[in-house]
Amino acid sequence: MSSSKPTETAATAAIGGFSPEIRYTPAEIEPRWQKRWAKQPDLYAAEPADSGKPKYYVLEMLPYPSGQLHMGHVRNYAIGDALARYMWMQGHNVLHPMGWDAFGLPAENAAIKNNTPPREWTVSNIAAMKRQMDRIGLSYDWANEITTCLPDYYRWNQWFFIRMFERGLAYRKKSKVNWCPKCCTVLANEQVINGRCWRHEDTIVEQRDLEQWFLRITNYAQELLDDLGKLEHWPEKVRTMQRNWIGRSQGAEVDFEVEDATHAPDDERQQQHVRHKGTAVLPAVEDAKTTGTRITVFTTRIDTIYGATSIILAPEHALVKEFSAANPDLAEQVSTLLDQQKKARESGEIGEIDKHGVFTGHYALNPFNNERLPIWVANYILAEYGTGAIMSVPAHDERDYEFAQKYGIEMRIVILPRRVEDPSGNSAAEMALPYTDEDSLLINSCEFSSMGNKEAQEKMTAYVELNKFGKATVTFRLKDWGVSRQRYWGTPIPMLYCEKDGIVPVPDDQLPVMLPDNVEITQEGGSPLAKIPEFLNVICPKCGGPARRETDTMDTFVDSSWYFYRYTSAKYDKGPIDPAAAEYWFPIDQYIGGVEHAILHLIYSRFWTKVMRDLGLIKNDEPVERLFTQGMVIKNGAKMSKSKGNVVSPDEMIARYGADAARMYSLFAAPPDRDLDWQEDGVAGVSRFLGRVYRFVMKAAPGMRQPIAAEGNQLDAAVATVLERKLHQTIYKITQDFAGRWHFNTSIAAIMELLNLLTEHEEAIVAAVESDARARDMVTDLVLLVSPFAPYLAAELWDQLGGSSAVNKVPWPKADPGKMAELTMEIPVQVNGKLRAVVEVPKDVDQDTMRDAVKTNPKVQAAIADKEIVKVVVVPGKLINIVVKG
């Protein structure tokens, strides 16, 4: 047996024979090992960079310390823990840390409800959850623990903010923001889900005008988009979600001048107005006068501009306010459109809103042909997207088509399908509207007619720029990240306001700006910090005059945007990270968390990484090499969560079945990337399986704690071949599962199949372990295969077998291809062309022996009884056909 296999130690001296009933008692085994592990602080510690081992950084997303884990958390952590243990056994230097995303509104809400300071509530919850994690047996390197609400962490949030301010990446402006009335604070765009707060599904987000701090994430929009191509080991659904959220659109901005309404139309124009219900395109005239106001429109289809028959503005567009100020009826109708838009946002149905609008009575001029386009306001145009104004081309846009149909606005066809065989055969009369295909030809477009749309887009954009009424433009759906929060429990923004010097950053040597204690916390608007004079009133570091602090705190997603870098040097005090440690450990080899973080957390952390790179702190462009998004745990038809009241506590499952059974069930019940429908009976079944493993190994343990004997019982050669083949096939499968898609459910099922075969031959194996290395390998490798999934049981059994080192540091068993091979093959046997039996024969058997072997099969004998064999036809490796008569 190799040196990695158990040997006798003083700590595991022979304990004599076992009673016939060997009982698996996790309630005794697991607490005993938990105490032993607690006395080994280096058991799961990462080794120095010069260890000579390949590094492996595995990480699960850090939790918010709500005070209680549920089985949804356990599933996430069990995946990462199994991987960490496996990588240790593969000889890697593993970093597997854990920390706490400890700032946030729930702590404030709890403080109000329970009259408990947020810090006290948070720290006590952390202690409770840490106890749970230790009891579950998770292999965390607690020496690198971080807690984001402590000054030694949030000091560096402030340091980063100042560096961004110096680079123009942090700035303050007044803008329309998302306001959650329940949180009493601003939300980033990414924190608004279907018009509602990401924390409160029942709370409608309002729009308010506030002065706020923003981070200029849009400076990195193109790089964030381009670098998705580097993330080949991320789920495609996550990359698609980010790609769509970044939302790159390439097109042109075009300026439409507003006609001076005081320039009265002539009779012909008046007739046109009446003939087209007051909303039509009016013919161009040379003497049109303009107000000097321009409506800038962004379009990706400038090739359809000759088909524009109106300009449509968002209800909140600045020009709409100007028009409404002079027209009370218009103002009232616009207010109705705003209410409709608000309700659609609240219901998450803004994309399917029933379209309504109002004609303003004003016109704008199409710069390509000087046609007068009626200016409308519509509820389906949003102020925050593009410029808040569109050129409406009803014949070639689905939303514009629907709107134009409702209000009788003219439709003009300006593109047709491209027909390679006969371009002249195109007919507008035959075409169904709206026609939106990009591969098209232009008509009714002056000198651009007959061009393909791509050529036309290039030439039209060049024409726009040449004549100075627009430009080629790339826009992004992604907006700058609003990070101001009007709450207490967060990182104070380290900026001062001085009447003489304006906005002044807090000097680095005065960081951290400490969050004061004993603050009266309410859910009224405005930060509670504004009510603390000793916090608010300070001296300007530039002029020495009076100044006041910023009283907003940072969005808690700032905390989680870089925490995984801090894990590599959690006690480092010369900067946010030790650059050498970060260079060694990054990128993260495997990151594990829910797909709900695909936009919020993951896009922010990618942005933060690029900023850190540009600050010279790191060299990597992306933080995560591989991302795995685990499925949810479902109970009673809904995701397990406290808000839904359907959580299952791991404490309950541990008390009944043990931690190993609870965590192993979470890996066994479904593939890790699929949702798991919680069934407690399944935990009980896994517990019974672990009991079988325990009994099998413990029966063999007495014979294995002694050095292997030169003489004694040996396994039957044929039995040993079958057992070794199954063992090595199982080793190979689980190794492949860890390296591939993590089908831990089938890995565990394979161990169950292996155990079934081993227990069939239990008596022979137990009798042979004293002197047969093959039998010993059956037992030890079974324990090693179980160890990533059931660490308590594996530790106990390894110790009972005489293991001299921690089981998670024992080398992973290797599959022997020679022993994996199937030595037999199954051959269908036909009699007169009809299948009568399937016979297992040795692979290397000759044809004569094969003929004789199949004739002795009972089913074949019954089929040929009392019949004369005419001939036996052998198709090597495929089938045998016996031809008989009589």
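The values are calculated or read from the model by the stated rules, or taken from the named source; none is laboratory data. Everything numeric here is computed off the predicted structure, so don't read it as measured data. Note: ideal-geometry Cβ built from the backbone for every residue, glycine included; neighbour counts use all protein chains shown. Only protein heavy atoms, including side chains, enter the accessible area calculation; ligands, DNA and RNA are left aside. Shrake-Rupley method; radii C 1.70, N 1.55, O 1.52, S 1.80 Å.
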**Item:** Proximal aspartates and glutamates to Lys859, defined as alpha-carbon separation beneath 14 angstrom and excluding residues fewer than eight positions away on the same chain
**Value:** Glu840
**Complete:** If the label point sits 7 Å along Cα→Cβ of Asp614, residues of the stretch 199-232 with amide N under 14 Å come out as 215-225
**Message:** How large is the accessible surface of Glu458 in square angstrom, using a 1.4 angstrom probe and rounding to the nearest 10?
**Reply:** 140 Å²
**Prompt:** What order do you get for 746-754, 615-623 when each peptide is scored by the mean count of other beta carbon atoms within 10 Å, highest first?
**Reply:** 746-754, 615-623
**Fill in**
Farthest towards the positive end of the dipole of the stretch 615-659, among Pro623, Asn636, Gly658 and with Cβ unit charges of +1 on Lys and Arg and -1 on Asp and Glu, lies the Cα of Asn636
**Asked** Which length gain, in nm to one decimal place, applies between Ala143 and Glu447 when the Cα-Cα distance is subtracted from 0.36 nm times their residue separation?
**Response** 102.2 nm
**Request:** Please work out whether the chain counts as rounded, prolate or oblate from its C-alpha gyration tensor, where a ≥ b ≥ c are the square roots of the eigenvalues and a/c under 1.5 means rounded, while otherwise a/b larger than b/c means prolate and anything else oblate?
**Result:** oblate
**Prompt:** Which of the aspartates and glutamates could a cross-linker bridge to Lys644, judged by Cα under 18 Å and excluding same-chain residues fewer than eight apart?
**Reply:** Glu201, Asp202, Glu596, Asp675, Asp677
**Prompt:** Given C-alpha coordinates of the stretch 515-594, what is the ratio Rg to Rh with the Kirkwood estimate of Rh?
**Reply:** 1.13
**Request:** Starting from the Cα coordinates of the stretch 317-373, work out the convex hull volume and express it per residue in Å³.
**Result:** 109 Å³
**Message:** Counting only other residues whose beta carbon sits under 13 Å from that of Leu138, what net charge do I get with K and R as +1, D and E as -1?
**Reply:** -1
**Prompt:** Do the sum for the chain: with -39,500 (n - 2.57) for every DSSP H run of n ≥ 4, divided by all residues, what is the mean residue ellipticity at 222 nm, to the nearest 500 deg cm²/dmol?
**Reply:** -11000 deg cm²/dmol
**Request:** May I ask for the angle, rounded to the nearest 10°, between helix 791-800 and the longest principal axis of the chain, with both axes built from Cα atoms and the value confined to 0 to 90°?
**Result:** 20 degrees
**Prompt:** With +1 on each Lys and Arg Cβ and -1 on each Asp and Glu Cβ, how big is the dipole of the chain about its Cα centre, in debye rounded to the nearest 20?
**Reply:** 1800 debye
**Item:** Acute angle (nearest 10 degrees) that the helix 328-347 long axis makes with the longest principal axis of the chain, alpha-carbon atoms
**Value:** 0 degrees
**Item:** Crossing angle, helix 151-166 versus the chain [Cα axis fit, 0-90 degrees, rounded to tens]
**Value:** 40 degrees
**Prompt:** Which is farthest toward the positive dipole end of the chain among Asn178, Asn125, Leu224, measuring Cα position about the Cα centre, with Cβ charges +1 (Lys, Arg) and -1 (Asp, Glu)?
**Reply:** Asn125
**Message:** Multiplying the sequence separation of Lys113 and Lys321 by 0.36 nm and subtracting their Cα-Cα distance, what value in nm do you get?
**Reply:** 70.6 nm
**Message:** Along the Cα→Cβ direction, 7 angstrom out, place labels at Glu826 and Tyr497. What is the inter-label distance in nm?
**Reply:** 7.9 nm
**Item:** Cα-projected label distance for Tyr572 with Arg851, points at 7 Å along beta-carbon direction, nm
**Value:** 7.8 nm
**Message:** I'd like the FRET efficiency for Asp339 and Asp508, computed as 1/(1 + (r/R0)^6) with the beta carbon distance as r and R0 of 51 Å, rounded to 0.05.
**Reply:** 0.55
**Message:** Based on C-alpha coordinates, I'd like the Rg and Dmax of the stretch 651-734, in Å.
**Reply:** 17.7, 53
**Prompt:** Roughly how many nanometres apart are two label points built 7 Å out from the Cα toward the Cβ at Val838 and Lys859?
**Reply:** 0.8 nm
**Fill in**
Listed by chain and number, the lysines with an alpha carbon less than 17 angstrom from that of Lys406, same-chain partners under 8 positions apart left out, are Lys277, Lys355
**Asked** Too long at a 28 Å Cα-Cα cut-off: which of Lys55/Lys230; Lys174/Lys343; Lys343/Lys479; Lys237/Lys571; Lys639/Lys814?
**Response** Lys237/Lys571; Lys639/Lys814
**Prompt:** So between Lys531 and Asp675, what do we pick up on full extension, going 0.36 nm a residue minus the alpha carbon distance?
**Reply:** 47.2 nm
**Prompt:** Of all the C-alpha pairs in the stretch 817-886, what % are more than 15 Å from each other?
**Reply:** 50 percent
**Request:** Just name one of Ile162, Ala530, Val74: the one whose Cα is farthest towards the positive end of the charge dipole of the chain (beta-carbon charges, Lys/Arg +1, Asp/Glu -1).
**Result:** Val74
